[in-house]
Amino acid sequence: MKQKKGQSSIEFLLVIGLITLLLIPAIYYFMTSMYGTNSEIIASQLNKLGTEVLSSSREMYILGEESWSTIEVNIPEEVTNVRLEGGKALVFTYSTQAGTSQSVAFADGYEFVAGPTKTETCTTCNLSISPGKNSFRIESSDGIIWIKTKISDTEILNMCGNGVSDEDEECDKGINNGNIGNQCTLPIEYNSDCEYCDSNCLYVNELGPFCGDELITNSEECDGTNHGGNDCESITGKTSGILSCNSDCTFDTSGCNNNALNANFKTTPNPIIKGEPMQFTDTTNHPQIKTWEWYFNSETTPFSTEKNPAYTFSTEGDYQIKLIVTGNTGLGSDEITKTITVVKQLDVDFEYTPDPIYTNQEIIFTDITTYPENSETEYFEWNIDGEEIAIDTNTITHTFTETGEHTITYAVGLVDGDKDFEIKTVNVLDPIICNNDGVCDLSAGETGQTCTDCPCGNNIINTNEECDDGNNNNNDGCTEICEIEYNYEPDCGPGDTQCDFILCVQTTTNAAEKLTKATLNGLDPGTWLFHTDVISTNIDGNQETVDTWYFEKNNVIIDSSCKLNIYWPDTFPTNIVDPTSFKCNNINSIPKNYASYEDQGNGYWSVYEEFTQTLNTEDEIKAVIDLGDENSVTYRTEGWCAVISATKQT
């Protein structure tokens, strides 16, 4: 009996163990299914939430500017983070039994920004959204969907897109980051560029079209390998050969031919100078040439049968050069004739000032010859009316005592080189002396061989004239009727190497503040010499007049000076300090001593100044005269002019 009870207990334990073994997998399966279902529920909730946000965003985007709506959503407690990624997606991160998962909602055709205000937004940042009930304000602004919600203070201060350039950012244009159209003028002009701030708060340099970008734009004929579908035949009518594109985006047709010879050549250097070696180079574009013949003028014997001969001309002048090229069998021959000019080493020239020339007036004759590089002069010689005046100098002064025509000869010789001379005829006149009414008065002793009325344009300022620049032209500072032109634009521009103009002011005894200026637009790049000659006129009594004048380059002062001009009706009084000792300050308060002056006769005194300035393509030069305030200076002059000359240096 006891034995049966023990057996029953063992059987009971076996049954219980079997039931337990069956229950464990069932419980595991149940728990796994429960957690899986919970994860699917969260994912479904977040998917619905994202769809609701996107749907509202899409509706506001379609409605347009300033449209908005507010939605309320319930964030599951399993959500650990909500992040705006790149302005294109909302990323929900949540916890599951299996770990961390994400649900993503993508924008369709528009961009998100998020932040508490329109000036504190981001395109990539974590949003301060907590589990439970949350409100979103969704607004359309500047073509972008703004989700009004709080983001972390650290991200507001340091995020790209907040409109503030933080320490690790090159730039920050706020919601305009990456929008080139809001930062640059489109389309970008030819050969120009524009720097804009991209979506990563980095500067990006966007280039406009240019020669070399393989795109035919602006006035380009071609660009690199892009010929616009053209070939030799469409451009030149020649049926074969190679059409190329030059570095300036124009067609190079030298390789086009009709499957026959097309003779051509070039010469170097240019210009060709007498006595110096030069080179003829065959540029015939054909690989099967076997002979070359070079001829002078109409000669029948070639001076060379080389492909690229060198030659030295001993005489200047024009020469006709003929090249005949002969090809292999079947190609025949072709010829070309070009006229070349050989110039002498030396082309003597000189100038003189002033002009016109009057008797008993000192005239300066100056050499303006351009000399060959590394040359050495052997002699200079000046001759006036057949009489040797000076040697071994390239500048002389001379005073004519007789009216009429006089002949000036200037000769120069180079050591082991060329020799040349220049002859010019000048006409010397009697000086025209005018009294205060502007009329020549014989009874007052104003005599001369031709004593006439003093006209406008004779380079003498009469009392009935405001100015007189020696001509009757307008647009040069003094009109055709000798009235002052103020604030005019001198006719100076691209291609000019010389620009002369007069800048004048007119004052009264109690002169108010005045300003006159002239602008030199578009002078060619390079080094320019500016020479100024400031002359005062018609000063009342033994008084001095002070004026301030200066130059600007792109509104920045490059040379400024206070000039002192003195006039006495008679001879310079000995009891007045020598004008060379006068000093005045320029407007930068840098003392300058202008010791260069000259008695112009009749009590006119002037001062001179020269300086050089290097100009770039976009530079603009202004000459400015500022008379200042009547309280600072007592003016005794009725008018004066600054004569300005700009010369490009070679």
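Considering only strands (runs of 3 or more DSSP E) fully contained in region 164-278, which possess at least 1 residues that are over 33 Å from the mean Cα position of the chain (by Cα) and either at pLDDT 85 or above or more than 29 Å from G327 (Cα to Cα) (or both)? Full working, then the answer.
Working: elements: 193-197, 203-207, 265-268.
Because the criterion is at least 1 residues that are over 33 Å from the mean Cα position of the chain (by Cα) and either at pLDDT 85 or above or more than 29 Å from G327 (Cα to Cα) (or both), the strands (runs of 3 or more DSSP E) in region 164-278 that meet it are 265-268.
Just to check your reading of the model, which residue among I273, I289 is in contact (Cβ under 8 Å) with a residue 12 or more places away in the chain, aliphatic (A, V, I, L, M) and open to solvent by 40 Å² or more (accessible area, probe 1.4 Å)? First the steps, then the outcome.
Working: I289 fails: open to solvent by 40 Å² or more (accessible area, probe 1.4 Å).
None of the others qualify; the one that does is I273.
Which one is nearest to Y550 (Cα to Cα) among residues in region 489-501 that are open to solvent by 20 Å² or more (accessible area, probe 1.4 Å) and at pLDDT below 75? Among them, the one singled out is E489.
Does E214 satisfy the criteria of being more than 30 Å from G86 (Cα to Cα), surrounded by fewer than 16 Cβ atoms within 10 Å (Cβ to Cβ), in contact with a Ser or Thr (Cβ under 7 Å, 6 or more places away or on another chain) and not β-branched (V, I, T)?
Details: more than 30 Å from G86 (Cα to Cα): yes; surrounded by fewer than 16 Cβ atoms within 10 Å (Cβ to Cβ): yes; in contact with a Ser or Thr (Cβ under 7 Å, 6 or more places away or on another chain): yes; not β-branched (V, I, T): yes.
Yes, satisfied.
Exactly one residue among G109, G87 is in a loop (DSSP other than H, G, I, E, B), small (G, A, S), surrounded by 15 or more Cβ atoms within 10 Å (Cβ to Cβ) and touching a residue at least 24 places away in the same chain (Cβ under 8 Å), and that residue is G87. Within region 511-525, the set of residues being out of contact with any Ser or Thr (no Cβ under 7 Å at 6 or more places or on another chain), open to solvent by 20 Å² or more (accessible area, probe 1.4 Å) and either of a type in the set (S, T, Y) or modelled with pLDDT of 75 or more (or both) comprises K517, D524. When region 291-324 is limited to residues that are within 42 Å of the chain's Cα centre (by Cα) and of a type in the set (D, E), the one that is modelled with the lowest pLDDT turns out to be E316.
Return yes or no: is S375 out of contact with any Cys (no Cβ under 6 Å at 6 or more places or on another chain) and either open to solvent by 70 Å² or more (accessible area, probe 1.4 Å) or under 23 Å from N471 (Cβ atoms) (or both)?
Numbers: out of contact with any Cys (no Cβ under 6 Å at 6 or more places or on another chain): yes; either open to solvent by 70 Å² or more (accessible area, probe 1.4 Å) or under 23 Å from N471 (Cβ atoms) (or both): no.
Considered against the rule, which asks whether it is out of contact with any Cys (no Cβ under 6 Å at 6 or more places or on another chain) and either open to solvent by 70 Å² or more (accessible area, probe 1.4 Å) or under 23 Å from N471 (Cβ atoms) (or both), S375 comes out as no.
How about region 306-331: which of its residues are surrounded by 11 or more Cβ atoms within 10 Å (Cβ to Cβ) and in a loop (DSSP other than H, G, I, E, B)? Residues satisfying the conditions are E306, K307, N308, P309, F313, E316, N328, L331.
Summed over region 191-209, the residues that are out of contact with any Ser or Thr (no Cβ under 8 Å at 6 or more places or on another chain) and farther than 24 Å from T617 by Cα give a count of 7.
For V342, are the conditions met, namely being part of a strand (DSSP E or B), open to solvent by less than 70 Å² (accessible area, probe 1.4 Å) and touching a Gly at 6+ places or on another chain (Cβ under 7 Å)?
When the stated conditions are applied, V342 passes them.
Per the listing N218, N200, N177, the residue uniquely in contact with a Gly (Cβ under 7 Å, 6 or more places away or on another chain), in contact (Cβ under 8 Å) with a residue 24 or more places away in the chain and polar (S, T, N, Q) is N177.
Any residue at all in region 150-157 that is surrounded by fewer than 18 Cβ atoms within 10 Å (Cβ to Cβ), modelled with pLDDT under 80, among the hydrophobic types (A, V, I, L, M, F, W, C) and under 53 Å from the mean Cα position of the chain (by Cα)?
Within region 150-157, the first condition is being surrounded by fewer than 18 Cβ atoms within 10 Å (Cβ to Cβ), and the residues that meet it are 150, 152-154, 157.
This time we only want the ones that are modelled with pLDDT under 80, so: 150, 152-154, 157.
Narrowing further to those that are among the hydrophobic types (A, V, I, L, M, F, W, C): 157.
Applying the additional criterion that residues be under 53 Å from the mean Cα position of the chain (by Cα) yields 157.
Yes, region 150-157 has at least one match.
Residue count for region 353-368 under the criterion of being closer than 18 Å to T403 by Cβ, open to solvent by less than 50 Å² (accessible area, probe 1.4 Å) and not in a loop (DSSP other than H, G, I, E, B): the result is 3.
Quick check on Y410: is it within 22 Å of P354 (Cα to Cα) and within 44 Å of the chain's Cα centre (by Cα)? Walk me through it before giving the result.
On the way: within 22 Å of P354 (Cα to Cα): yes; within 44 Å of the chain's Cα centre (by Cα): yes.
For Y410, the condition - within 22 Å of P354 (Cα to Cα) and within 44 Å of the chain's Cα centre (by Cα) - is met.
Restricting region 90-102 to residues that are under 15 Å from S130 (Cα atoms) and of a type outside the set (A, V, I, L, M), which is most open to solvent (accessible area, probe 1.4 Å)? Within region 90-102, the match that is most open to solvent (accessible area, probe 1.4 Å) is S95.
The values are calculated or read from the model by the stated rules, or taken from the named source; none is laboratory data. These numbers were taken from a predicted model, which means no experiment stands behind them. Every residue, glycine among them, receives a Cβ derived from its backbone with ideal geometry; neighbour counts consider all protein chains shown. For the accessible areas, the whole protein counts, side chains as well, though only heavy atoms, and no ligand, DNA or RNA atoms are used. Shrake-Rupley method; radii C 1.70, N 1.55, O 1.52, S 1.80 Å.
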